Amino acid sequence: MAVTDVRSSIMDPLLNFKFIVSWDIGGSLTVVAGVSKIGPFARSTEVAEYREGGAPQGTRKIPGQTKYDEITVERGIILDIAFEQWANKVWYYQNSGKLGTEVSLKDFRKTLKVDLCNQAGQIMNSYYIFNCWPSKYTILPELDAQAGNTVALESMTLQNEGWARDPDVKGPEYPSFAEPSSPTIAGVTPPA
């Protein structure tokens with residue numbers, strides 16, 4: 001009877017600490033620097049109930065509208081001002097005195113891409129989030145001199161119109177490794 005390794009037929013689940021976030025800038029995806037937290041991606045579908053006139057006393061349930069939950073993105077405050085620039089496209093205080101220039105209707109929505117990686121850093125799954133725009137932006141967290149070694153985070157809450165897995169990303173093929181051979185020593189023949 002041949003002994004088989006059960007683990008060779010099962011992949012370990014992905015851990016949630018290795019990921020890459022990119023967003024659309026001028027028609028191409030650019031990696032967003034310093035993102036430490038994103039998500040979760042969730043949707044819910046309302047239930048619509050109806051009853052047929054000739055049916056017994058029960059009602060039927062069918063799917064209604066589907067809503068996609070907001071997604072929060074956090075990163076440590078760095079010199080990159082991309083979060084602030086995007087938030088300013090939705091509302092820019094300095095332009096609020098000039099009627100018609102408070103919001104950039106041309107390009108305030110972005111497509112985001114999130115790549116989920118395995119422990120080796122290989123992309124295993126990719127998700128696109130469509131028509132995102134920041135509905136809440138925190139440029140500076142509460143500051144506390146007593147907190148010690150706490151990273152100052154900026155965050156954005158993104159509204160979106162849905163997300164989908166990229167079907168072209170299949171994950172890497174894992175190479176199979178041969179058993180390492182014993183070191184050879186001059187003049188010594190390994191047993192057969």
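Quick notes on this structure:
- Assigned charges on the beta-carbon of Lys, Arg, Asp, Glu; the stretch 9-165 dipole about Cα centre (debye): 420
- Divided by 2.2 N^0.38 Å, where N counts the residues, the Cα radius of gyration of the stretch 45-159 comes to 1.62.
- Set of the stretch 15-43 residues, backbone N closer than 15 Å to the point 7 Å along the Cα-Cβ line of residue 151: 16-21, 32-39
- Looking at the stretch 20-67, the GluC sites (Glu not before Pro) that sit in a DSSP loop and have at most 11 other Cβ atoms within 10 Å of their own Cβ are 52.
- Sites listed here are trypsin sites (Lys or Arg not before Pro) in the stretch 22-56 whose DSSP assignment is loop and whose Cβ has at most 15 other Cβ atoms within 10 Å: 51.
- Set of lysines with alpha-carbon distance to residue 113 below 28 Å, sequence-local pairs under 8 removed: 18, 37, 67, 89, 136, 170
- Karplus-based coupling profile of the stretch 137-151, in residue order and whole Hz: 9, 10, 7, 8, x, 4, 9, 9, 5, 8, 6, x, 8, 9, 7, with θ = phi - 60° in 6.51 cos²θ - 1.76 cosθ + 1.60 and x standing for Gly or Pro.
Every read-out reported here was derived from the displayed coordinates using simple, explicitly stated rules and does not represent laboratory data. None of these values were measured; they are calculated from a predicted model. Heads up, the Cβs are rebuilt from the backbone with ideal geometry, glycines too, and the neighbour counts pull from every protein chain shown.
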